[in-house]
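The values are calculated or read from the model by the stated rules, or taken from the named source; none is laboratory data. Remember, it's a predicted structure, so these values are computed and weren't measured experimentally. Every residue, glycine as well, gets a Cβ built from its backbone with ideal geometry; the counts of neighbours run over all protein chains shown.
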Amino acid sequence: MSKNRKVTWLVVAIIIVAIIGVGGWFVYNKYFATAAIVQIDENQTEAEVKKGQEFKITLGSNQTTGFNWTVSNIFDKNIVKIISDKYIAPGSTAMGASGEQEFTFKGVGSGKVNIVFTYARSFERDPSQEAVKTYSITVK
């Protein structure tokens with residue numbers, strides 16, 4: 001085999017490996033890679049996430065007063081499912097310091113849902129004492 005022919009085969013092999021590598025990268029990113037967890041700001045009202053992607057909504061909370069955030073609506077669990085709900089204690093040791101309540105969700109199907117949170121005391125039923133936050137989530 002001549003030197004030119006060897007160089008030609010080497011160039012062809014490099015091109016084939018490059019094409020397979022780039023194609024594999026696109027397939028991996030489209031079907032297998034998980035995106036970073038999206039943090040939705042407490043003051044944000046709308047967000048868009050990818051199917052399979054997790055997102056967090058963190059709300060200021062002071063459970064020492066008896067108030068607690070709860071998801072107060074039934075949303076389509078074929079679009080979004082809740083993964084966890086946890087309270088994060090305050091960094092301060094001051095009496096009555098506020099912490100945070102962190103809700104983690106996952107987009108499982110395409111569509112749009114409204115997630116409604118209510119901040120209230122479980123032992124009181126006076127609606128005037130409640131705070132409500134609504135987040136519109138689109139999963140693509």
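So, G60, is that one modelled with pLDDT under 95 and within 16 Å of D41 (Cα to Cα) or not?
Numbers: modelled with pLDDT under 95: yes; within 16 Å of D41 (Cα to Cα): yes.
Yes.
Which residues, taken from region 18-48, are of a type in the set (V, I, T), in a helix (DSSP H, G or I) and modelled with pLDDT under 75? Quick ask: steps written out before the conclusion?
Pass one, region 18-48, residues of a type in the set (V, I, T): 19-20, 22, 27, 34, 37-38, 40, 45.
Right, trim to in a helix (DSSP H, G or I) and you get 19-20, 22, 27.
Within region 18-48, V22, V27 qualify.
With region 49-140 as the region, which strands (runs of 3 or more DSSP E) entirely inside it contain at least 3 residues that are under 13 Å from the mean Cα position of the chain (by Cα)? Break it down into steps so the answer makes sense when it comes.
Values: elements: 54-61, 67-71, 80-88, 99-107, 111-121, 131-139.
In region 49-140, the matching strands (runs of 3 or more DSSP E) lie at 54-61, 80-88, 99-107, 131-139.
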- If we scan region 90-98, do we find a residue that is in contact (Cβ under 8 Å) with a residue 24 or more places away in the chain, in the same structural domain as E48 (by TED's automatic domain parsing) and touching a Phe, Trp or Tyr at 6+ places or on another chain (Cβ under 7 Å)? no
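Out of everything in region 91-129 that is of a type in the set (D, E) and loosely packed, with under 15 Cβ neighbours inside 10 Å, what residue ends up being modelled with the highest pLDDT? Let's see the steps before the verdict.
Pass one, region 91-129, residues of a type in the set (D, E): 100, 102, 124, 126.
If we keep only those that are loosely packed, with under 15 Cβ neighbours inside 10 Å too, we end up with 124, 126.
Values: E124: 81, D126: 73.
My answer is E124.
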